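A.B. asks: I have a structure I would like to understand better, so I am pasting it below and will then ask my questions one at a time.
The values are calculated or read from the model by the stated rules, or taken from the named source; none is laboratory data. Since we're looking at a predicted model, the values are computed, not measured. Glycine also receives a Cβ, built like all others from the backbone with ideal geometry; neighbour counts cover every protein chain displayed. Only protein heavy atoms, including side chains, enter the accessible area calculation; ligands, DNA and RNA are left aside. Shrake-Rupley method; radii C 1.70, N 1.55, O 1.52, S 1.80 Å.
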Amino acid sequence: MVFCPNCGAENADSAKFCKNCGHVLGANRPIKDNYVNTGIDPSDRVNDNSNLNSNNNSNSKSDNKNLIIICLTIVICALLIAGAMVMFSNGNSNDDSDALSDSASLNSDSVDNASDMETSTQATQESYPTIQSGSFSTGSSASDKTYCNVYVGSEHAGEKVKISVLYSYNGYALNQGKVVPKTVSSDGYVKVASASALDYYPDDAYITLYDNDGNVLDTKEIYLNTNSGKQTF
C-alpha cells in the first residue's frame, strides 16, 4: 500500500495518483522502495564502492613498488657503468705509465750503449799509433835527401810499424813512396829518409802509416814550402 503524502489516503502500490486528492504518487516514495523496485540493495552499492577503493589502493601500491624497482635498477646500472669506466681509465693510465717507463728505460739503454761504443772507439783509437805531428828537413840543395819525422806517441815506443812518404812537386811524383818497416823510437817518433835525392824541393808529401802486418793505420797529406830547411806540421 502507498499512502498519499498530501492527504494520507491509502492507494494501491501501482497507483500513480492519489485516489482521494489526485496528488502525484511515486516521486516521494521511500528510497528503500526504489531500490527494491530496481532490484539493487543499497548495502550492495556500499560494498561495491569499498571493493573498488580497495582495488584502487592495491593497484596504487603495486605501481609504487614497480616504480621503486625501476629506479633501483637504473641506479645499480649507473653505478656498474661508472665503476667499469673508472677501472678502464686506471688500466689505460697504468699502460701509459708502463709505456713511458719502458721508453725511458730504452732511452737509458741507448745512451749507455752509445757511451760504451764511444768509449770502445776511443780505446780502439788509442790502441794503435796515429800520425799526430812531425817535421820535414831538406838539405841546402835539392840533391840532398829529404827527412821525415812523424810523431805517433811515446806510449808506442818499441812497436813495429811500416811507413811510406810520397813526395811530389807541381803534381808530379818525385819518388816511388815505397813502404819501409820501422820501429817507433823511445820518444815516440818514426824517422824515415827518402831513398835518394829528389830532383826538386817537394811541395807536397803524402804520409801513410801501417801496422806491422801492412794494415793502414792513418794517413795525412802535408803541403810544403819549396825551399830548404825544417818545416813542421
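A.B. asks: In whole Hz, what ³J(HN,Hα) sequence does the range 216-222 give by Karplus (6.51, -1.76, 1.60; θ = phi - 60°), x for Gly and Pro?
C.D. replies: 5, 9, 6, 9, 7, 10, 10
A.B. asks: Once phi is turned into θ = phi - 60°, what whole-Hz ³J(HN,Hα) does the Karplus curve with 6.51, -1.76 and 1.60 give for every residue of the range 192-197, x standing for Gly and Pro?
C.D. replies: Karplus values, whole Hz, x for Gly and Pro: 8, 10, 4, 5, 8, 5.
A.B. asks: Could you give each residue of the range 158-173 its phi-based ³J(HN,Hα) in whole Hz, using Karplus coefficients 6.51, -1.76, 1.60 with θ = phi - 60°, and x for Gly or Pro?
C.D. replies: Running phi through 6.51 cos²θ - 1.76 cosθ + 1.60 with θ = phi - 60° gives x, 6, 8, 9, 9, 8, 9, 10, 9, 9, 8, 9, 6, x, 10, 5 Hz.
A.B. asks: Put a dot 7 Å past each Cα toward the Cβ at Leu80 and Thr219; how far apart are the dots in nm?
C.D. replies: A separation of 7.9 nm, rounded to one decimal place.
A.B. asks: Whenever you get a sec, line up Thr138, Thr219 from highest to lowest accessible area (probe 1.4 Å, protein heavy atoms). Show your work: numbers first, answer last.
C.D. replies: Values: Thr138 30, Thr219 60 Å².
The ranking, largest first, comes out as Thr219, Thr138.
A.B. asks: Which cross-chain or sequence-distant (5 or more) residues have an amide H under 5 Å from the amide H of Leu174, H modelled 1.01 Å from N in plane?
C.D. replies: When sequence neighbours closer than 5 places are left aside, the close amide H contacts are Tyr167, Ser168, Tyr169.
A.B. asks: Next up: With every protein chain in place, what's the accessible area of Phe3 (1.4 Å probe, Å², nearest 10)?
C.D. replies: Result for Phe3: roughly 120 Å² accessible.
A.B. asks: Testing the spin-label approximation: label points 7 Å from Cα along Cα→Cβ at Ser186 and Ile70. State their distance in nm.
C.D. replies: 11.0
A.B. asks: How far is it, in nm, from the label point at Ala195 to the one at Cys7 when both lie 7 Å from their Cα along the line to the Cβ?
C.D. replies: 18.0
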